[in-house]
Ligand SMILES: Cc1cc2nc3c(=O)[nH]c(=O)nc-3n(C[C@H](O)[C@H](O)[C@H](O)COP(=O)(O)OP(=O)(O)OC[C@H]3O[C@@H](n4cnc5c(N)ncnc54)[C@H](O)[C@@H]3O)c2cc1C
């Protein structure tokens, strides 16, 4: 048997095809259920008034649901324009044979494993003592050793201070004085809710201390009949959670039964080649109108 191999342009083309297939399936499902899809950015002009930025049409609605998500927050070091995020990683024209990834959370670890698995020389930089802060310390130590066995270089207790583009690659200057040259530099150091520039103030919608839209247990914002779900509320930022919050909103607003999603028993997984996830429950609080789902 020949050793397995892969071709980056083929991988990217297959990924694009799969996303297009999924999008078409979701669009067909929505339209089949009678949903009108308008492809435009939109701003709020009041609690019940939305202005479409493509074409300028106005829409008035009794209920408004905001689900604008979040975006990578890369910081502002010199040379930040040369740094990519997870948004760009699968749009690169060429496979990066050498990549430096800054971050210690699940996105940084996941991408370090993907690139290392495809044969790249990977350096992971994290400012704290060890990767995956918040997870069990024993698991963190064990995973670090296992990742290092696969060839991932993990440098903790330091940060990337500046990035310079050179003819031979990107030169990252680290806070400890060391410099590392790679083909690409990727940051996965946090995400911020998309709350700016679409009229939250005009609609009287307040923000929470975590930077997301403030909501109550039913995802209701400070404006009547305006709800917010998913990453824009910066609660538990996972796809199944956003879906469940949306389902609870639909039941509350249109199903005539107040329904809230209880995320206290949500579990997570880390795709690290040596996959792991916490399993202990923090105490079931599910009631008759409460979803208790595993994420
Ligand atoms: C690298 C990475 C890996 C992840 N892996 C997992 C995983 O394995 N499992 C998991 O459960 N979760 C994972 N997540 C988290 C998951 O992607 C999010 O929790 C989920 O997508 C949140 O859904 P959302 O609808 O709130 O936001 P999004 O999916 O971000 O959607 C928001 C949408 O709103 C649009 N939008 C923004 N502003 C406007 C505007 N003014 N007008 C119109 N449209 C606008 C955006 O373009 C976007 O299409 C991952 C996230 C990242 C970044």
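The values are calculated or read from the model by the stated rules, or taken from the named source; none is laboratory data. Keep in mind it's a predicted model, so treat the numbers as computed, not measured. Every residue, glycine as well, gets a Cβ built from its backbone with ideal geometry; the counts of neighbours run over all protein chains shown.
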message = Just the residues that are free of Cβ contacts under 8 Å to residues at least 60 places away in the same chain and under 28 Å from residue 234 (Cβ atoms), please, taken from segment 30-48.
response = 30, 35, 37, 38, 39, 40
note = Residues of segment 46-62 being surrounded by 15 or more Cβ atoms within 10 Å (Cβ to Cβ) and either under 24 Å from the mean Cα position of the chain (by Cα) or not in a strand (DSSP E or B) (or both), in sequence order, are 47, 48
message = Considering only segment 25-45, I want to know if a residue exists there that is part of a helix (DSSP H, G or I), at pLDDT 95 or above, farther than 26 Å from residue 214 by Cα and within 17 Å of the chain's Cα centre (by Cα).
response = no
request  = Go over the candidates 228, 208 one by one and state the one that is closer than 26 Å to residue 106 by Cβ, under 22 Å from the mean Cα position of the chain (by Cα) and surrounded by 18 or more Cβ atoms within 10 Å (Cβ to Cβ).
outcome  = 228
key: Candidate set from segment 235-263 (those that are within 13 Å of the ligand (Cβ to nearest atom) and within 25 Å of residue 49 (Cβ to Cβ)); member that is surrounded by the most Cβ atoms within 10 Å (Cβ to Cβ)   = 245
